[in-house]
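Report on one structure; see the data block that follows.
The values are calculated or read from the model by the stated rules, or taken from the named source; none is laboratory data. Everything numeric in this text was worked out from a predicted model, so none of it was measured. Quick reminder, even Gly has a Cβ in these numbers, built from the backbone with ideal geometry, and neighbours come from all protein chains shown.
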Amino acid sequence: MDYQNLLVADRGAVRTITINRPDKLNALNLRTLQELDAAFRAAREDAAVRVIVLAGSGEKAFVAGADIAELATLSPIDAQAFSRAGQILMRGIERTNKPVIARIQGFALGGGMELAMSCHLRIASEKAKLGQPEINLGVIPGFGGTQRLARLAGRSAALELCLLGTTIDAARGQALGVLNRVVPADRLDAEVDTVADQLAAAAPVALAGILDAVTVGADCPMDAALEFETQAFALCCSTADMREGTQAFLQKRKAEFAGR
């Protein structure tokens, strides 16, 4: 796909996908959703990519929300299609079998917070601001915000943020469990790189197994989730990476995982 609103760059096994609409604070319109879907599909299919970082261009925003100029023109049928496009994209990110890190600087509001919550890990600048302010536009979150926020932060926090349209700072976002790490703004890139490099060096089959077990298990009864974990564990034990990892431990050396 010819990207108009994204920048894609590789650093070793780490692929960074950057939403590049700084004049719109990286707001999500339909074209951007479609490009993100294509970019994540390409990253999932590229064996050389082990970790994906999702970022927004500029210093003001990760993603400030949906593109209000486009949103204001939607008919109910168009709005339904727009919501579904966002939900398909974000469910696909959530189900990606490679770790996805959201690099959050500035605003992550509305669709931006929803996009961040679909990622596996969220690392933010201490200057980040998060919220679901859709109520102020007379609508509700449409890209999974009511559901992922309740699962990450609990029902009470989800209702507070969605009903009041409250914007919170990074410290509260971390306290609620929405953000994994909060660092000074000038340390954000270094922290993201450190985590991405650690993940890129880990065993890919085991990473995929963890992602699958946590994501699938969260939607299953406990007994079914435990059985899923058992099968994923057994699969890992059939891999060359498992043999490499155990031998490296016994030989007191660093493991070199090949992803098979």
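So that you can scan it fast, the table gives a plain yes or no per residue for (1) part of a helix (DSSP H, G or I); (2) touching a residue at least 40 places away in the same chain (Cβ under 8 Å):
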| residue | (1), (2) |
| --- | --- |
| L159 | yes, no |
| I168 | no, no |
| G173 | yes, yes |
| I210 | yes, no |
| V214 | yes, no |
| A258 | no, no |
For the condition closer than 27 Å to L207 by Cα, modelled with pLDDT of 95 or more and buried (at least 19 other Cβ atoms within 10 Å of the Cβ), what is the one hit in L130, L109, L115? L115
For residues in the stretch 43-68 being in contact (Cβ under 8 Å) with a residue 24 or more places away in the chain and in a helix (DSSP H, G or I), which is surrounded by the fewest Cβ atoms within 10 Å (Cβ to Cβ)? I68
In the set L163, L152, L179, the lone residue that is part of a helix (DSSP H, G or I), more than 30 Å from R260 (Cβ to Cβ), in contact with a Gly (Cβ under 9 Å, 6 or more places away or on another chain) and modelled with pLDDT of 95 or more is L152
If you take the residues in the stretch 38-75 that are in contact with a Pro (Cβ under 6 Å, 6 or more places away or on another chain) and of a type in the set (G, A, S), which one is nearest to N5 (Cα to Cα)? S57
Hey, R253 hits all of (1) assigned to a loop (DSSP other than H, G, I, E, B); (2) closer than 24 Å to L121 by Cα but one; which does it fall short on? (2)
Answer from R41, R15, R21 - the residue that is more than 18 Å from the chain's Cα centre (by Cα), modelled with pLDDT of 95 or more and of a type in the set (D, E, K, R): R21
